[in-house]
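Reading through the structure tokens given below for one structure.
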Amino acid sequence: MKVAYVSQAGNGPTYEIEADRHGNYSIRCSGRVVKRVTSVTNYIGKPRWGSRELQLNAIEEAKAAIDAHHSAEH
């Protein structure tokens, strides 16, 4: 799933967040990868094909990282 996001402050560039159903995500700005996070590959109870919940949690984690970056700058 791809999502466009601007920090909560409302200023700054637009970031593209791409997350999969396993909890992996990447953040891009102007086509350049700014951050990439890979989830734990195997754990007890992990859904074999991933889940929508893991995907949504990854997107929220990426948004929090963007907001933290912008609040540290200002």
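In the chain, the longest principal axis of the Cα atoms and the axis of helix 52-73 are about 30 degrees apart. Spherically averaged projected area of the convex hull of Cα atoms, the chain: 5.1 nm².
For the chain, the solvent-accessible area with a 1.4 angstrom probe is 68 square angstrom per residue.
Glu61 contributes about 100 Å² of solvent-accessible surface, heavy atoms of the protein only, 1.4 Å probe.
Note: relative contact order over the chain, using C-alpha pairs below 8 Å and six or more positions apart, is 30 percent. Segment Lys2..Thr41, full-extension length gain: 11.9 nm, with 0.36 nm per residue of separation and the alpha-carbon distance subtracted.
The values are calculated or read from the model by the stated rules, or taken from the named source; none is laboratory data. The structure displayed is predicted, hence computed values, not measured ones. For accessibility, only protein heavy atoms count, side chains too; no ligands or nucleic acids. Shrake-Rupley method; radii C 1.70, N 1.55, O 1.52, S 1.80 Å.
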